[in-house]
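Below is one structure, written out as structure tokens; comments come after it.
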Amino acid sequence: MANELRIAAYTRISVDIESEKDKNVSISHQKLIISDYCKIHFPKAKVDYFTDRDRSGYTFDEREDYQKLRPKLYNNYYDILIVKDLSRFSRRNGEGLYEFEKIAKSGTRIIAIGDDVDYSIKRISDYVPIEHTDGAGMMLPNAFGKEQKNQMVRLPWIKGLLGVFDFKKF
């Protein structure tokens, strides 16, 4: 099955004590939620589980299983990363979002079931119409020689800023 989805399921818990009040975040409960979700939404997918027990959500560096998973996510080995919720992925918003961006840029879709997050970046090459520029317009980076900076222009019929814009990036 060449087109079979490859899913990485990541589970983490800070303190591995399965008490009644913490049952909702236990590793076994996280795996059950992810497994049920995959059975419904991706029944034919191959799911690999990565688990970090007794590991803080504050940093990624001390999580052994996540360190094994990380290069596979960056290199798009997995099509989807699934976590029970965002708090199982990261407790630091900035670092977690930065990690999300790096994973998504590789083409891996990210799903956080409990937070209703389904995140992916889809690259599209398409025509982008520029209908109005509010001033004199845009120019190519080498329009006025080697200096690549914005230029003010004053002519009898128009005045404004010519903004440097590299059209090759589109």
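Quick one: net charge around Gly114, please, counting Lys, Arg +1 and Asp, Glu -1 for every other residue with C-beta under 11 Å from its C-beta.
Result for the local shell: -1.
Just going by the charge dipole of segment 62-123, with Lys and Arg at +1 and Asp and Glu at -1 on Cβ, which of Tyr77, Gly114, Tyr66 is farthest out on the positive end?
Looking along the dipole axis, the top candidate is Tyr77.
Give me the percent of accessible area attributable to carbon and sulfur for segment 57-114, probe 1.4 angstrom.
47
Checking the a/c ratio against 1.5 first, then a/b against b/c, what shape does the Cα gyration tensor give for segment 82-121?
oblate
The values are calculated or read from the model by the stated rules, or taken from the named source; none is laboratory data. Source: prediction; values computed, not measured. Positions of Cβ are generated from backbone atoms using ideal geometry, with glycine treated the same way; all protein chains shown enter the neighbour counts. These area figures cover heavy atoms from the full protein model, side chains too; ligands, DNA and RNA do not enter into them. Shrake-Rupley method; radii C 1.70, N 1.55, O 1.52, S 1.80 Å.
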